[in-house]
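All remarks here apply to the structure that follows.
The values are calculated or read from the model by the stated rules, or taken from the named source; none is laboratory data. These figures come from a predicted structure and were not determined experimentally. Using ideal geometry, Cβ is built from the backbone for each residue, glycine included, and neighbour counts are taken over all protein chains shown.
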Amino acid sequence: MYISRLAVDQYRSWSSFVLDLEPGLNIVQGRNGMGKTNLVEALEVLSTGSSHRVSSSAPLVQRGQSKATIRANAQEGGQTITYELTVALRGANRGRINGGPSLYMRDLVGRVPSVTFWPEDQRLVTGEPSGRRTFLDQMASQLDPSYYQLRQDVSHLAQQRGALLKQLSRAQEDGRFGAGPSQADLSTLEVWTAQFIAKGMELTARRMRLLQELQEPLESIYRQLAGQEQEVALVYQPSFAEVLESGVSQESSQRISQHFQRIYPGELARGQNLIGPQRDDFAFTLNGMPAKEYASNGEEWTLALALRLAEYQRLSEQADSNPILVLDDVFAQLDEQRRRQILQFAQRQPQVIMTVAALSDIPQTDQAHVIDLAQLVQERAALEASLLP
Ligand SMILES: Nc1ncnc2c1ncn2[C@@H]1O[C@H](COP(=O)(O)OP(=O)(O)OP(=O)(O)O)[C@@H](O)[C@H]1O
């Protein structure tokens with residue numbers, strides 16, 4: 001599969017824009033702030049249902065507008081399939097395939113598989129856990145859309161449970177409880193806790209499995225990139241640590257439930273969830289040492305790049321159609337040898353979209369479809385002006 005056209009309306013800085021693409025290597029060139037990342041981020045949102053840059057949909061919609069639209073024409077087996085996603089400022093995002101009936105995001109996720117290496121990916125090694133959770137969630141959703149729904153369910157339960165804890169906490173502060181919280185509130189909390197444990201354990205187990213599957217490709221790609229024997233490992237750090245020992249089982253469920261009982265006074269005092277998959281994390285180790293604390297700047301880069309390429313390899317093996325590889329403005333940060341290595345790799349893939357501020361960052365562009373964004377914007381504006389009555 002390859003994307004022949006990516007079109008956006010009212011998406012971030014773009015009122016309306018159409019980008020025609022070819023199989024093989026596409027290079028989108030434009031000055032800083034032109035909107036290159038916005039375009040490839042639109043593809044990320046269509047593929048995974050989320051953006052690595054923001055946790056809500058609002059920033060994706062152009063300022064002053066109420067919705068954004070992302071459309072991709074995919075060429076598959078001689079046919080064109082149009083995937084469309086409407087991102088709403090408020091409310092649920094909706095999709096369509098070939099202009100058909102309205103679909104939930106879970107029905108669209110993974111249909112146009114893609115993997116992007118972003119300039120900020122170095123933070124996957126050193127940054128906040130939320131970035132690593134987004135990485136796992138986006139990849140798992142593309143591999144299996146039922147994961148996307150599970151992730152939504154867990155977040156919904158965490159929100160509901162958190163809101164009830166906050167309410168109970170406020171009531172306690174105000175002295176409204178008298179003899180304690182009402183039986184009805186406690187029963188509701190119990191029901192949500194039980195559901196949260198069941199779905200949360202499943203989510204934890206699926207993330208752990210995914211991380212295990214990435215281990216081998218990550219190690220082998222890291223060795224190729226670093227050019228030396230190094231031991232790289234990924235270590236999952238679940239909040240429901242019980243799943244590490246007993247898997248998804250009755251025993252884990254009981255032990256997590258007991259854990260919740262122990263921390264209940266703390267949850268009540270703070271009015272929030274203290275444990276759950278929304279606090280999971282994973283870490284990289286390099287030769288047995290935590291990379292977050294010990295890796296050099298270059299090693300962090302290589303680890304992040306190797307992780308993305310491992311994700312790409314894993315998706316290529318399992319997805320129904322080959323994923324599109326996106327390299328967003330990463331060349332400026334790579335040394336000459338790595339630029340050549342990545343370019344050679346990119347030239348062998350079914351479809352790659354690379355964004356760059358300066359063409360001079362790319363060692364060789366003769367085999368690529370080069371798109372000059374500024375020129376394209378100018379041509380389109382001139383065409384529109386000529387069509388005006
Ligand atoms: N919701 C939004 N509405 C309008 N404009 C937005 C919105 N979100 C982001 N922008 C604008 O998009 C522009 C940045 O676009 P983008 O990050 O795609 O640039 P870029 O070409 O990748 O730049 P660089 O080479 O510097 O990374 C900024 O000018 C920003 O103000």
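Tabulated data for the structure shown
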| quantity | calculated |
| --- | --- |
| Tally, over segment 344-370, of residues that are outside any loop (DSSP other than H, G, I, E, B) and touching a residue at least 60 places away in the same chain (Cβ under 8 Å) | 11 |
| Residue ID - farthest from TYR148 (Cα to Cα), chosen from residues in segment 13-62 that are surrounded by fewer than 20 Cβ atoms within 10 Å (Cβ to Cβ) and of a type in the set (D, E, K, R) | ARG31 |
| Among (1) part of a helix (DSSP H, G or I); (2) at pLDDT below 95; (3) loosely packed, with under 13 Cβ neighbours inside 10 Å, the one test that GLY175 misses | (1) |
| Output for segment 161-187, where each listed residue is polar (S, T, N, Q) and within 14 Å of GLU267 (Cβ to Cβ) | GLN167, SER169, GLN172 |
| Criterion (without any contact (Cβ under 8 Å) to a residue 40 or more places away in the chain, surrounded by fewer than 22 Cβ atoms within 10 Å (Cβ to Cβ) and either within 13 Å of the ligand (Cβ to nearest atom) or over 30 Å from PRO129 (Cβ atoms) (or both)) met by exactly one of THR86, THR80 | THR86 |
| Enumeration of residues in segment 274-310 that are in contact (Cβ under 8 Å) with a residue 24 or more places away in the chain and among the aromatic types (Phe, Trp, Tyr) | PHE282, PHE284, TRP301 |
| Residues (surrounded by fewer than 22 Cβ atoms within 10 Å (Cβ to Cβ), over 22 Å from LEU203 (Cα atoms) and of a type in the set (S, T, N, Q)) located in segment 109-133 | GLN122, THR126 |
| Some residue of segment 261-281 being touching a strand residue (DSSP E or B) at 6+ places or on another chain (Cβ under 7 Å), closer than 23 Å to LEU211 by Cβ and not charged (D, E, K, R) | no |
| Residues satisfying the stated conditions in segment 23-75, i.e. farther than 15 Å from THR86 by Cα, among the small types (Gly, Ala, Ser) and either assigned to a strand (DSSP E or B) or more than 9 Å from the ligand (Cβ to nearest atom) (or both) | GLY24, SER55, ALA74 |
| Criterion violated by ARG106 - all others in (1) surrounded by 15 or more Cβ atoms within 10 Å (Cβ to Cβ); (2) modelled with pLDDT of 95 or more; (3) of a type in the set (D, E, K, R) satisfied | (2) |
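For every residue, the table says whether it meets (1) outside any strand (DSSP E or B); (2) of a type in the set (Asp, Glu).
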site: ILE275; (1), (2): yes, no
site: GLN278; (1), (2): yes, no
site: PHE282; (1), (2): no, no
site: LYS292; (1), (2): yes, no
site: GLU300; (1), (2): yes, yes
site: LEU303; (1), (2): yes, no
site: ARG308; (1), (2): yes, no
site: LEU327; (1), (2): no, no
site: ILE342; (1), (2): yes, no
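Conditions tested, residue by residue: (1) outside any loop (DSSP other than H, G, I, E, B); (2) without any contact (Cβ under 8 Å) to a residue 60 or more places away in the chain.
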site	(1), (2)
GLN195	yes, yes
GLY200	yes, no
GLN215	yes, yes
SER239	no, yes
